[in-house]
1. Out of the residues in the stretch B:107-121 meeting the condition of being among the hydrophobic types (A, V, I, L, M, F, W, C) and within 15 Å of the chain's Cα centre (by Cα), tell me which one is farthest from the other protein chains (Cβ to nearest Cβ).
2. Residues of the stretch A:176-188 being more than 10 Å from every other protein chain (Cβ to nearest Cβ) and either in a helix (DSSP H, G or I) or under 21 Å from the mean Cα position of the chain (by Cα) (or both), which ones?
3. Which one of A:Lys70, A:Lys49, A:Lys13, A:Lys5 is surrounded by fewer than 12 Cβ atoms within 10 Å (Cβ to Cβ) and either within 22 Å of the chain's Cα centre (by Cα) or at negative phi (or both)?
4. Among the residues of the stretch A:150-160, is there at least one that is in contact with a Ser or Thr (Cβ under 8 Å, 6 or more places away or on another chain), away from chain B (no Cβ under 11 Å) and under 22 Å from B:Ile116 (Cβ atoms)?
5. Being exposed (fewer than 14 other Cβ atoms within 10 Å of the Cβ) and within 22 Å of A:Phe141 (Cα to Cα) is the filter here, so list the residues in the stretch A:28-46 that pass it.
6. On the given criteria, is A:Gly159 closer than 27 Å to B:Asp132 by Cβ and either buried (at least 22 other Cβ atoms within 10 Å of the Cβ) or of a type outside the set (Asp, Glu) (or both)?
7. Restricting to the stretch B:124-147, name every residue that is facing chain A (nearest Cβ under 8 Å), within 23 Å of the chain's Cα centre (by Cα) and surrounded by fewer than 21 Cβ atoms within 10 Å (Cβ to Cβ).
Amino acid sequence: MQLAKEVKYLIHKEVLLEWRSKYTINGVLLYVVSTIFTCYLSFVSLGDKLTWNALFWIIMLFASINGVSKSFLQETKGQQLYSYILASPAAVLISKTVYNTLLMLVLTTIALGFYTLVFDSFTPPDMVLYYVAVVLGSMSFSTVFTMVSAIASKAGNGGMLMAILSFPIIIPVLILLIKLAKNAVDGLPWENSYDEIAMLLVVNVLMVATSLLLFPYLWRD
Amino acid sequence: MHKTWWKILGSGLVIYTAIAGLLLGVPHLPILNETIRNLYFHVPMWFAMIVLFSISVFYSVKSLSSKSEIDDIKAVESVNAGIIFGILGLITGAIWAKYTWGQFWSFDPKQNFAAISILLYFAYLILRNAIDEEQKRAKISAIYNIFAFPMMVVLLFVLPRLKDSLHPGNGGNPGFNSYDLDSLMRMVFYPACLGWILIGYWVYTIRFRIRSIENKQQHN
């Protein structure tokens, strides 16, 4: 119960901090929109839906690396010490992951809306399944990137290490996501996608479990 | 003698598989033809790699609780030895692929995922280089190693089963058992796996000893 209270409080803190500055959400949103627009202008002659699908996930990958890596890399040593004293490591990790999932959900929803608006030939026939893929994607991006950004921030030099460490871990997830989203673009019946959905959920559970086990060691300096 | 028997056993088995693998009869199958002999050299590399990476995770877990420098060196040196076997596995696989599938890199899921999982361990080594302070390096790299291990298992054992692969046992291709059913191939294949695992372990112990001597010299 103590944990739930701490998590609730910390999420409230994160949302409040973000709400005051609105820096991350606006920054990443502008990043996504301008990347989509750049892609639209550069690949305008490309007619293949599957390429657009892959492009969408690559844009989301880079946007979420930028958005989620803020969670630990941006905090000062003092801020980290403050939450170290106040809350248990598990509460810190869970609250960051949940907050990042919420952030990514808002971002990817807006990005998907903008994407379908700009590329009207892209609109997947099975929007619900595509949205399931988007939800699962935001979840897995935030579970993986939250832990990796914690590792990168403790290692001392942020940006490049973050990309190197997270890409090999996220590639399998990305492959599953692209496959699932492709099923939605092709309009296949849902039975064909249960494998991927189950696999993504399993990977998420696995990542959260290992993160929870390892984070206390990382958090204590 | 009681300490070196497994080294002699390992080298004996590898020499035996090199000779017997090239000379003994093999079943003649279409497309594969004589390249089937590569089974004795390509597959054991992956077994050795998996064993070495598992050793590394074991010592990473141990070093998190014991905080001893020896466990940390053991973890990194088994990764170093494992990467050698991973690269050898990729090379032998690529050569085999050239003669049976037509290209060195055939965009086969298992090939791609094996390459990605080796990237994972290169990232581990780069992470180590990025941190100067020794204890901090031991702790953070151990955490990354443990965090990455389940992903490697997913990459190598789970994902390829969801996709069609040119490898045997996937996507309607016959599995191993259907063609090495003749016991002659088993008689070479199993000793080859054991032999290469032992050789891999030997490489790792030598690397570990060199590294600990170097460390000792640095401290003095």
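The values are calculated or read from the model by the stated rules, or taken from the named source; none is laboratory data. What you are looking at is a predicted structure, and each value in this text was computed from that prediction instead of being measured. Using ideal geometry, Cβ is built from the backbone for each residue, glycine included, and neighbour counts are taken over all protein chains shown.
1. B:Ala114
2. Selection gives A:Leu177, A:Ile178, A:Leu180, A:Ala181, A:Lys182, A:Asn183, A:Ala184, A:Val185, A:Asp186.
3. From the options A:Lys70, A:Lys49, A:Lys13, A:Lys5, the qualifying one is A:Lys5.
4. Yes.
5. A:Leu30, A:Ser34
6. yes
7. Matches in the stretch B:124-147: B:Ile126, B:Ile146.
To keep it simple, each residue is scored yes or no on (1) surrounded by fewer than 22 Cβ atoms within 10 Å (Cβ to Cβ); (2) more than 8 Å from chain B (Cβ to nearest Cβ).
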{"position": "A:Gly137", "(1), (2)": "no, yes"}
{"position": "A:Val144", "(1), (2)": "no, yes"}
{"position": "A:Ser166", "(1), (2)": "no, yes"}
{"position": "A:Ile171", "(1), (2)": "yes, no"}
{"position": "A:Trp190", "(1), (2)": "yes, yes"}
{"position": "A:Leu206", "(1), (2)": "yes, no"}
